[in-house]
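Student: Mind having a look at this structure? Questions to follow.
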Amino acid sequence: MTGKVTVPAYSHSRLSLYETCPRQYRYHYLDRIEPPDEAEAIELFVGSRVHQALEALYRELMRGRRLTLEELIATFRHHWEQEWPKSMRFPRPDDEPASYRALGERCLADYYARYEPFDGDHTIAVERLLVFPLDPEGEVQVQGYVDRLSVGADGVWRIHDYKTGKYLPTQQQADADRQLALYEIGVRHAWPDVREVELVWHYLAHDVELRSRRSTDDLAQDHCGWCPYRAICPAWSHLVATEQLTPQRFAGDAGVQLVDRYAGLKAEQRRIDAELETAHGDLVRFAEQESLERVRGTEHVVTAKRASALRFPSKDDEARGELERFVKDHGRWDEVSELSLRALAKTLELARWPQALVDGVRSFAARVNVVRVRLARLKPEDE
């Protein structure tokens, strides 16, 4: 009987170590060799103690109690004293522990002053472990601990990360950071209904906050950017292969030609759609100015009639998420899986759903006046 194969879980720190030094990665993760120098680095020690204090702050907030700044500093000092190791490694021989402890306390004091009374969002979890797959088969697992996960009044989920080091990246570097992007993938895996996610870095030594958001394409890059199998993966093999082609062979590649043709047609479609929208508005205004319901062309006739219609919240409206959850809670999501607003309105008109559900959905809509335009070919009797 064959036992189940255990899938190893990668992490941002593992990937970063491999990219920096594959040999060190092997020593640490594969050969399991303990470093000869067991002294802890003071910078890491300070960071860990600050993280512990902030974890205590938000755990107490989740219980309904807010620590005072004095209590927060006392928590930091308690962990500092309790966990001071037998040996410590300093960047310079004349460094004093007291200066690093003062740095940690200043980071906490600045953070407390910036965010007190800590009611800008709702904390869901602190030091939350996320384990999630990067591939549909689940053969590549990634894990990581989120310092803090919260939801704001605007419905946006936020992944917070605390940094105590002296290094302060640029906004461009934050936008390219992989760690929190991977955590966003994990959050969306654990909570599929999450709509918007924001990545937030707190650079405590500088009292600076950086924020970033990732598109679906950005997250796909974080999925695959480090993978060594892109040359044989169907999602990337054509991109990798065409990168090696000469300009002449690249232009003659069948895939390149098809994509270019498709992109050209889509661009033409967008241009035509814009012209159609303008022509539609001009027709409606003409019909209203002339008090007409039918307007004739050379071979076609347009009918423009006023009607009453339901208007539902748009995708950028906060109420849209509430509407989607309402439909899902009543087990009808599969019928309007992408929530086509036209299909939803039609469903209500045909009374396909129970009246209580119909009334609930209608509460999200506003009744507006619209002009429906229909184009038809002229019939002989219209000549």
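The values are calculated or read from the model by the stated rules, or taken from the named source; none is laboratory data. Predicted, not measured: the structure shown is a model, and the values here were computed from it. Don't worry about glycine lacking a Cβ; one is built from the backbone with ideal geometry, like all the others, and counts go over all protein chains shown.
Student: Of the residues that sit in region 129-151 and are in contact with a Lys or Arg (Cβ under 8 Å, 6 or more places away or on another chain) and without any contact (Cβ under 8 Å) to a residue 40 or more places away in the chain, which one is surrounded by the fewest Cβ atoms within 10 Å (Cβ to Cβ)?
Tutor: Taking the candidates together, the pick is 145.
Student: Sticking with this structure for a sec: Cβ contacts < 7 Å: first residue free of Cβ contacts under 8 Å to residues at least 60 places away in the same chain and closer than 23 Å to residue 111 by Cβ, restricted to region 73-95; second residue outside any loop (DSSP other than H, G, I, E, B) and among the β-branched types (Val, Ile, Thr), any location; separation 6+ or different chain. Result?
Tutor: Pairs found: 76/50.
Student: Condition first: small (Gly, Ala, Ser) and under 17 Å from the mean Cα position of the chain (by Cα). Can you find one or more residues in region 135-146 that meet it?
Tutor: Checked region 135-146: at least one residue is small (Gly, Ala, Ser) and under 17 Å from the mean Cα position of the chain (by Cα).
Student: Here is a list: 13, 48. Which entry is of a type in the set (Gly, Ala, Ser), exposed (fewer than 14 other Cβ atoms within 10 Å of the Cβ), modelled with pLDDT of 70 or more and not in a loop (DSSP other than H, G, I, E, B)?
Tutor: Result of the check over 13, 48: 13.
Student: Among 183, 167, which is the only one that is in contact with a Gly (Cβ under 7 Å, 6 or more places away or on another chain) and not hydrophobic (A, V, I, L, M, F, W, C)?
Tutor: After applying the criteria, what remains is 183.
Student: Also, I was wondering about something else. Restricting the search to region 251-281, which residues are surrounded by 11 or more Cβ atoms within 10 Å (Cβ to Cβ), closer than 23 Å to residue 241 by Cα and without any contact (Cβ under 8 Å) to a residue 12 or more places away in the chain?
Tutor: 251, 252, 253, 257, 259, 260
Student: Of all residues in region 30-72, count the ones that are among the acidic types (Asp, Glu), without any contact (Cβ under 8 Å) to a residue 60 or more places away in the chain and in contact with a strand residue (DSSP E or B) (Cβ under 8 Å, 6 or more places away or on another chain).
Tutor: Number satisfying all stated conditions: 2.
Student: Every residue in region 282-323 that is without any contact (Cβ under 8 Å) to a residue 24 or more places away in the chain and under 27 Å from residue 364 (Cβ atoms), please.
Tutor: 314, 315, 316, 317, 320
Student: Let me ask something else. Output the residue which, of all residues in region 237-250 that are part of a loop (DSSP other than H, G, I, E, B) and modelled with pLDDT under 90, is surrounded by the most Cβ atoms within 10 Å (Cβ to Cβ).
Tutor: If we take residues in region 237-250 being part of a loop (DSSP other than H, G, I, E, B) and modelled with pLDDT under 90, then 245 is surrounded by the most Cβ atoms within 10 Å (Cβ to Cβ).
Student: Moving on. Out of all the residues in region 55-62, is one or more assigned by TED's automatic domain parsing to the domain that holds residue 107 and in a loop (DSSP other than H, G, I, E, B)?
Tutor: no
Student: Any residue in region 60-67 that is small (Gly, Ala, Ser), over 29 Å from residue 123 (Cα atoms) and at pLDDT below 95?
Tutor: So far as region 60-67 goes, no, none of its residues is small (Gly, Ala, Ser), over 29 Å from residue 123 (Cα atoms) and at pLDDT below 95.
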